Protein chains: 2
Amino acid sequence: LTQQLRSLETQARILAAAADCFTHTGYDATGVAEICARAGVSKGAFYHHFASKQAVFLALFNAWIADLEAVMQSVRTTDKPAPEQLLALAGMVQQVLDAATGQLPIFVEFWRQATKEPDVWQVTIEPYRRFRTAFASLVSEGVAEGSLRPVNPELAAHVLVSLGVGLALQGVLDPDGAEWRGAADQAIQLLLTGLGAEKAYEP
Amino acid sequence: LTQQLRSLETQARILAAAADCFTHTGYDATGVAEICARAGVSKGAFYHHFASKQAVFLALFNAWIADLEAVMQSVRTTDKPAPEQLLALAGMVQQVLDAATGQLPIFVEFWRQATKEPDVWQVTIEPYRRFRTAFASLVSEGVAEGSLRPVNPELAAHVLVSLGVGLALQGVLDPDGAEWRGAADQAIQLLLTGLGAEKAYEP
């Protein structure tokens, strides 16, 4: 057990050191040697835990996605009506903004490598599919309980995930371009009520 | 006049050659020499028209945005009610998907350089702001004519642009992950009607 704990601790130290290096030096300019030096581990220990710098980045990325999925999970188990769950999930956009603002260059450097390797790319797009599935299930429940209109759950999930992705992307690209804090919450409110006039418009 | 025409023609030939080179070789691996060779122009002629490879990419990017803005402009001048204009503008997402699918590696390579140069970055984020302004004006008109509910136009514009950006980004990242064709149109329909049940839900 002690050895397992030590192994986990080493892994965590490598991840934290890599995150620091990526933030300060960028993804491209960071080498495995720098990560090892900052973590205080040997290259042997590094390669025991991770196949490459890319594998470390993916582990950090997956940990970040897992945090978002934990939020989703905790909201989904509340038994609140679907509209309230959707409003609670708006906080995920803020969570992405808080974590990713200023980190865009690192993601872009990583993506540049990922676009050349289909396996790695696959891992980076998988979360979108999982979030669409999770939102479709939430919308289905809402339709079944009568808190949402009888919409197509897959379409609604597309709209919800696209809205979140679009808000987060613009917020990260252009933090000063608009008031992003609270935007997701208001956007969900607007989506629930709808944009169209209640009566058909007669020009 | 003839000389001006010849100059415009050279510029167009450089842009077309650069687009070909970027698509076939990637942004990073393309040099000004390759662009000149493919365009059949001298380096002198190239630098007469463009300061750098980056300037050529930005010119291509701006031409692409101008195409989208032309669609916006032509829809905005139809005098149709706002909901119909919004549905007509859903086609812009498909236009982005058609143009950008398969080109992602080039954009990512370019962005990697752009994140290091604030001036260039500014040019690449400016269109988001312009589209938000244009959509806010469309929503204002819709509210004034009574075809849209009295929503906050800036918020609605946020939602509309985010929806479009999110759909386009997911569609480009993951073309086979879902049925993207027609998704924007259906998304606008859903946004007009709203997701929430008409009567308040009583658990």
Apart from one, (1) touching a residue at least 60 places away in the same chain (Cβ under 8 Å); (2) farther than 27 Å from A:GLU126 by Cα all hold for A:THR25; the odd one out is (1)
Could you check, for the stretch A:172-182, whether at least one of its residues is touching a residue at least 12 places away in the same chain (Cβ under 8 Å), under 30 Å from B:GLU84 (Cβ atoms), open to solvent by 30 Å² or more (accessible area, probe 1.4 Å) and out of contact with any Asp or Glu (no Cβ under 6 Å at 6 or more places or on another chain)?
no
Identify, by number, the condition in (1) within 25 Å of the chain's Cα centre (by Cα); (2) surrounded by fewer than 16 Cβ atoms within 10 Å (Cβ to Cβ) that B:LEU5 doesn't meet.
(1)
Total residues in the stretch A:137-171, condition under 19 Å from A:ASP79 (Cα atoms), open to solvent by 10 Å² or more (accessible area, probe 1.4 Å), of a type outside the set (D, E, K, R) and more than 7 Å from chain B (Cβ to nearest Cβ):
5
Assess whether A:GLN54 counts as being within 24 Å of A:PHE131 (Cβ to Cβ), modelled with pLDDT of 95 or more and part of a helix (DSSP H, G or I).
no
Select, from A:LEU86, A:LEU104, the only residue that is under 15 Å from the mean Cα position of the chain (by Cα), open to solvent by less than 60 Å² (accessible area, probe 1.4 Å) and within 13 Å of chain B (Cβ to nearest Cβ).
A:LEU104
Looking at (1) surrounded by fewer than 18 Cβ atoms within 10 Å (Cβ to Cβ); (2) away from every other protein chain (no Cβ under 12 Å), can you tell me which one A:ARG129 breaks?
(2)
The correct count of residues that are assigned to a loop (DSSP other than H, G, I, E, B) and under 28 Å from B:TRP111 (Cα atoms) in the stretch A:21-49 is 6
How many residues, within the stretch B:107-124, are farther than 15 Å from B:ASN62 by Cβ, among the hydrophobic types (A, V, I, L, M, F, W, C) and open to solvent by less than 50 Å² (accessible area, probe 1.4 Å)?
1
Out of all the residues in the stretch B:1-16, which are farther than 13 Å from B:ALA45 by Cβ and of a type in the set (Val, Ile, Thr)?
B:THR2
Yes/no for B:LYS43 being open to solvent by 30 Å² or more (accessible area, probe 1.4 Å), in contact with a helix residue (DSSP H, G or I) (Cβ under 7 Å, 6 or more places away or on another chain) and closer than 23 Å to B:GLN103 by Cβ:
no
Tell me, which residue of the stretch A:9-20 that is under 28 Å from B:GLU109 (Cβ atoms) and at pLDDT 95 or above is surrounded by the most Cβ atoms within 10 Å (Cβ to Cβ)?
A:ALA18
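The values are calculated or read from the model by the stated rules, or taken from the named source; none is laboratory data. All of these numbers come straight from a predicted model, not from anything done at the bench. Here Cβ is always computed from backbone atoms with ideal geometry, including for glycine, and neighbour counts include all displayed protein chains. When the accessible area is computed, the model is the full protein with side chains, heavy atoms only, and any ligands, DNA or RNA have been set aside. Shrake-Rupley method; radii C 1.70, N 1.55, O 1.52, S 1.80 Å.
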